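The values are calculated or read from the model by the stated rules, or taken from the named source; none is laboratory data. Bear in mind that the values here come from a model prediction, so they are computed numbers and not experimental data. Quick reminder, even Gly has a Cβ in these numbers, built from the backbone with ideal geometry, and neighbours come from all protein chains shown. Remember, those area values only see protein heavy atoms, side chains included, never the ligands or the DNA or RNA. Shrake-Rupley method; radii C 1.70, N 1.55, O 1.52, S 1.80 Å.
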Amino acid sequence: MSQSKTLIVTGGAGFIGGNFIYHLLNNHYKVINLDALTYAGHMETLLNTNDNDKHIFVKGRIGDSDLVESLFDEYQPAAIVNFAAESHVDRSIDGPAEFIQTNVVETLSLLESTRKKIKNYSSQAQQDFRFLHVSTDEVYGSLGDTGLFTEETPYAPNSPYAASKASSDHLVRSYLHTYGLPVLITNCSNNYGPYQFPEKLIPLIILNALEGKPLPVYGNGLNVRDWLYVEDHCAAIRTVLEKGRVGEKYNVGGNYEKTNIEIVKTICRLLDEVKPQASKEPYEKLITYVDDRPGHDLRYAIDSSKIKNELGWTPAETFESGIRKTLQWYLDNLEWCRQVTDKNYNRNRLGTSL
Ligand code: NAD
Ligand code: TDX
C-alpha cells in the first residue's frame with residue numbers, strides 16, 4: 001500500500017468494522033467509514049470517535065456507485081477494506097435474498113466502482129492500491145473430527161451466508177485476474193469481543209444469563225468453532241493490508257477450538273464468579289438444548305501458518321483473557337446493548353423457517 005494513510009472502510013459501524021475503525025485511528029490512519037446502518041450497524045458503536053477529525057462517517061450502501069465514486073473523487077483512498085455484509089447465518093436461513101444483494105451484487109458494484117476510479121490514479125498509485133475483502137472460514141464448509149482449513153482447501157459453502165461470502169471471494173479474485181485490481185482476501189474464524197450484536201452466540205448467552213433466561217444451545221452442543229478475539233483480527237487485517245502479497249488469501253484463526261457447550265459453560269462459570277445470581281443457583285442450570293440449526297456445520301478449524309510465517313502475525317489474546325474482557329465489556333455496556341437492539345431484535349430464535 002502507498003504512503004497515503006487515507007482508507008475507505010465499509011461496514012465500519014458493525015462489530016468487526018467498528019473495532020477496526022478504532023484500530024486504524026490508533027495507528028494514525030484517516031478513515032472514511034461507509035456504512036448503511038442496517039439492523040447490525042449503529043452509530044453508538046462509534047461514539048468514541050466523535051472528536052476525531054480522522055474519522056469521517058458516510059451513511060450509504062456499498063452498492064450506491066455514485067456515492068462510492070464520489071468518495072474516491074474526494075479522498076483518493078490508498079485502499080478499501082470491505083467489511084460490509086449481512087453476517088448472521090441464522091438470518092440467511094430465514095431470508096437469503098438480502099445476503100445475495102449485499103454480499104454478492106453490491107460487492108460486485110463496489111469492485112466496479114473501484115476499478116473505474118483507480119484508472120484515474122497514477123500508475124504507481126494504481127499498483128500501490130489495495131482492495132482488501134474480509135471473509136470467513138465458513139466458505140470452506142465443514143470439517144470432520146480432524147484436519148484444518150488451509151488456503152488451498154476447496155470452497156464448499158453450506159449456508160446461504162457462506163455461499164454469498166464464497167461468491168464474493170470469487171468475484172474479488174476474478175478482479176485481479178481479469179482487470180489487474182490489486183486484491184487481498186482474509187478468511188477468519190469466529191470473532192468475539194466488544195460491540196458484537198447480541199444475535200451471535202457469546203453476547204446472546206451473556207445477556208440471556210444476566211436476565212435469568214434460557215441459554216439456547218443448538219442440537220447437542222458439540223459443534224466446534226475456532227474463536228479469535230476481535231482486536232487480534234483487526235491486527236491481522238492491518239498486517240495483510242500493509243504487508244500481504246497482492247492476489248493472495250490469508251487464513252486467520254485463534255487456534256482455540258471449542259465445542260459450543262464448552263463456550264457456554266465457560267461463560268456460565270465466569271458469571272458465577274463475577275456476577276452470581278441472586279438465587280446463588282449456577283448459571284449452567286439455564287442451559288437449554290433446542291432444535292439444531294438447519295445445515296449446521298459440525299466443525300471449523302483454521303491453519304493460520306501462512307499469515308504467521310509470511311507476515312509475522314500471531315494472536316496476542318488467549319481465549320481465557322479475551323472472554324474475561326468481553327464479559328466485563330458487556331457488563332459495563334448494557335446500555336449499548338439496549339440501544340442497538342431496542343427497535344429491532346428481542347433475542348428470539350432465528351433461522352428455523354424451512
Ligand atoms: P456485522 O453484521 O456486525 O456488521 C456488518 C456491517 O455492515 C453493519 O454495520 C451494516 O450496517 C453494514 N452493512 C450491511 N450491508 C451494507 C451495505 N449494503 N452497504 C454498506 N454497509 C452495509 O458483521 P461483522 O460480524 O462485523 O462482520 C464483518 C465482516 O467480517 C463480514 O463481511 C463478515 O462476513 C466477516 N467475518 C465475520 C466474522 C465474525 O465472527 N463475525 C468472522 C469472519 C469474517
Ligand atoms: O443461540 C445460539 N445457540 C447456538 O448454539 C446461537 C446464536 C448460536 N449457536 C451455535 C451455532 C454455531 O455453531 O453457536 C455457534 C456460533 O454461532 P453464531 O454466533 O451464530 O456464529 P456462526 O454461525 O459460527 O458464524 C459466525 O462466525 C463466522 C459469524 O456470525 C459469521 O459472520 C462468521 O463468518
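Using 0.36 nm per residue and subtracting the Cα-Cα separation, the extra length available between Asp73 and Lys116 on full extension is 14.4 nm.
Take region 62-184 with all the other protein chains still there, run a 1.4 Å probe, and you get 40 Å² of accessible area per residue.
Among Arg245, Arg130, Arg173, whose mean-square fluctuation peaks in a Gaussian network model of the chain (Cα, cutoff 10 Å)? Greatest mean-square fluctuation among the candidates belongs to Arg245. Highest mobility in the GNM of the chain, judged by mean-square fluctuation with C-alpha springs under 10 Å and restricted to Ser167, Ser87, Ser123, is found for Ser123. Taking every DSSP beta bridge that has both ends in region 116-237, the antiparallel portion is near 0%.
In the chain, helical runs assigned H by DSSP with n ≥ 4 each contribute -39500 (n - 2.57); averaged across all residues and rounded to the nearest 500, the mean residue ellipticity at 222 nm is -12000 deg cm²/dmol. Each residue of region 141-147 was assigned a 3J(HN,Hα) from its phi angle through the Karplus curve 6.51 cos²θ - 1.76 cosθ + 1.60 (θ = phi - 60°); the sequence is x, 10, 9, x, 5, 10, x Hz, with glycine and proline shown as x.
Of Gln127, Gln339, Gln196, the residue with the greatest mean-square motion in the GNM of the chain, using alpha carbon springs below 10 Å, is Gln339.
Let me know the shape class of region 1-91, please: from the alpha-carbon gyration tensor, a ≥ b ≥ c as square roots of the eigenvalues, rounded when a/c is under 1.5, otherwise prolate if a/b is greater than b/c, or oblate. Note, shape of region 1-91 comes out oblate. For region 43-111, with equal point scatterers placed on the C-alpha atoms only and solvent neglected, what are the log10 I(q)/I(0) values from the Debye formula at q = 0.19 1/Å, to two decimals? Each listed q maps to, in turn, -0.92. For region 1-70, trypsin sites (Lys or Arg not before Pro) meeting the loop criterion (DSSP other than H, G, I, E, B) and having at most 15 other Cβ atoms within 10 Å: Lys54. Ranked from largest to smallest solvent-accessible area, with a 1.4 Å probe on the protein heavy atoms, Lys243, Lys285, Lys200 come out as Lys285, Lys243, Lys200.
Region 107-141 and region 308-354 have Cα centres separated by 28 Å. Secondary structure note: in the chain, about 10% of the DSSP beta bridges are antiparallel.
Compared with the alpha-carbon gap, the fully stretched path from Arg173 to Glu310 is longer by 47.3 nm at 0.36 nm per residue.
Among the protein heavy atoms, those of Arg338 account for about 110 Å² of accessible surface (1.4 Å probe, every chain in place).
Accessible surface of region 3-68, 1.4 Å probe: 46 percent of it comes from carbon and sulfur atoms.
Working note: Karplus 6.51/-1.76/1.60 with θ = phi - 60° gives region 93-105 the couplings 6, 6, x, x, 4, 5, 5, 5, 4, 6, 6, 10, 4 Hz, where Gly and Pro are set to x. Distance between the pseudo-spin-label points of Arg324 and Asn348 (7 Å out from Cα toward the beta carbon): 3.9 nm.
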